[in-house]
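Okay, so here's the structure we're looking at.
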Amino acid sequence: MDYSNQQDKAIVLKSGKQLRQFYVGQIMYVSTSAYVSSVHLINTHKVESFSVLLKNIEMLLAPYGFIRINRNELINMKYFKELYEKNKHIAVMQNDQEFVVSCRRVAAIRQFLQRNI
């Protein structure tokens, strides 16, 4: 899979008076809780939070290989490792972090993987 379109690309998120630039290739996943979206970066445990709807972030990141896997999480398929089913569908990232994938979103992951083989 070619993720070269992520290289040197950045998005800017604004929350109140705070503006922050993130390089797309450095974002592992984005999660949300109570209208606050949190950007989780690779190689760091630092989390940046913004009052931005996940839907809006999804629109910014979808062209770069990000897929929404449930109501609250958007993952960078660049760091996706595997999908398995054990009572629930689970997406495993390269750092072995696991996410529950909603039944409705499993098809999107499979389609993405088939298109990019």
statement: Expected single match for assigned to a loop (DSSP other than H, G, I, E, B), surrounded by 10 or more Cβ atoms within 10 Å (Cβ to Cβ) and among the hydrophobic types (A, V, I, L, M, F, W, C) among 39, 106, 52 is 52
message: Checking residue 59 against (1) closer than 19 Å to residue 6 by Cα; (2) surrounded by 12 or more Cβ atoms within 10 Å (Cβ to Cβ); (3) free of Cβ contacts under 8 Å to residues at least 24 places away in the same chain; (4) not β-branched (Val, Ile, Thr), only one condition comes out false. Which one?
response: (2)
- prompt: What about residue 44, is it at pLDDT below 90 and under 20 Å from residue 80 (Cβ atoms)?
  reply: yes
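Residues checked against (1) in contact with a strand residue (DSSP E or B) (Cβ under 7 Å, 6 or more places away or on another chain); (2) at pLDDT below 95; (3) within 14 Å of residue 11 (Cβ to Cβ):
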| site | (1), (2), (3) |
| --- | --- |
| 52 | yes, yes, yes |
| 56 | no, yes, yes |
| 66 | yes, no, yes |
| 69 | yes, no, no |
| 73 | yes, no, no |
| 84 | yes, yes, no |
| 88 | yes, yes, no |
- prompt: within 11 Å of the chain's Cα centre (by Cα), surrounded by 10 or more Cβ atoms within 10 Å (Cβ to Cβ) and among the hydrophobic types (A, V, I, L, M, F, W, C): does that describe residue 83?
  reply: no
field: Residue ID - farthest from the chain's Cα centre (by Cα), chosen from residues in the range 6-36 that are assigned to a loop (DSSP other than H, G, I, E, B) and over 25 Å from residue 100 (Cα atoms)
entry: 17
field: Among the residues listed as 82, 48, the single one being within 21 Å of residue 101 (Cβ to Cβ) and among the acidic types (Asp, Glu)
entry: 82
- request: Just one of (1) within 9 Å of the chain's Cα centre (by Cα); (2) more than 22 Å from residue 17 (Cβ to Cβ) trips up residue 59, so point out which.
  value: (1)
Options 35, 84, 29, 64: the member that is out of contact with any Pro (no Cβ under 9 Å at 6 or more places or on another chain), among the hydroxyl-bearing types (Ser, Thr, Tyr), without any contact (Cβ under 8 Å) to a residue 24 or more places away in the chain and under 26 Å from residue 2 (Cα atoms): 84
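The values are calculated or read from the model by the stated rules, or taken from the named source; none is laboratory data. Just so you know, these numbers come straight off a predicted model, no measurement behind them. Backbone-built Cβ (ideal geometry, glycine too); neighbour counts: all protein chains shown.
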